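A quick write-up on the structure given underneath.
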Amino acid sequence: MQTQPQPTKILRLPAVMDRTGLSKPYLYQMIKRGEFPASVRIAPRYAGWIEQEVTDWLHQSIAAARGQ
């Protein structure tokens, strides 16, 4: 039996800021340095972040902070 993949959820900037606790300028600095997942263009004037990439980044950051 094949499992259905989970649908991809796109997070907008306020949700990313809420989940990470980071400010908009700092998020964009981290993206520029390659330290945070880049946003994806979802429409001509709209971008967002793939939820799973943000979640993975959070888990990696927590593990690194705890020396794991």
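A short reminder: the numbers here are calculations on the coordinates, not readings from a lab. These numbers come from a predicted model, not from an experiment. Here the Cβ is made from the backbone with ideal geometry for all residues, glycine too, and neighbour counts use every protein chain on show.
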Going through segment 25-60 one residue at a time, which ones are of a type in the set (S, T, N, Q) and either exposed (fewer than 12 other Cβ atoms within 10 Å of the Cβ) or farther than 25 Å from P7 by Cα (or both)?
Q29, Q60
Neighbours by Cβ (under 9 Å, 6+ apart or cross-chain): first from segment 40-68, basic (K, R); second surrounded by 10 or more Cβ atoms within 10 Å (Cβ to Cβ) and not in a helix (DSSP H, G or I)
R41/A47; R41/G48
Considering L11, L22, which residue is surrounded by 10 or more Cβ atoms within 10 Å (Cβ to Cβ), among the aliphatic types (A, V, I, L, M) and touching a helix residue (DSSP H, G or I) at 6+ places or on another chain (Cβ under 6 Å)?
L11
For segment 40-68, which positions are in a helix (DSSP H, G or I) and of a type in the set (A, V, I, L, M, F, W, C)?
V54, W57, L58, I62, A63, A64, A65
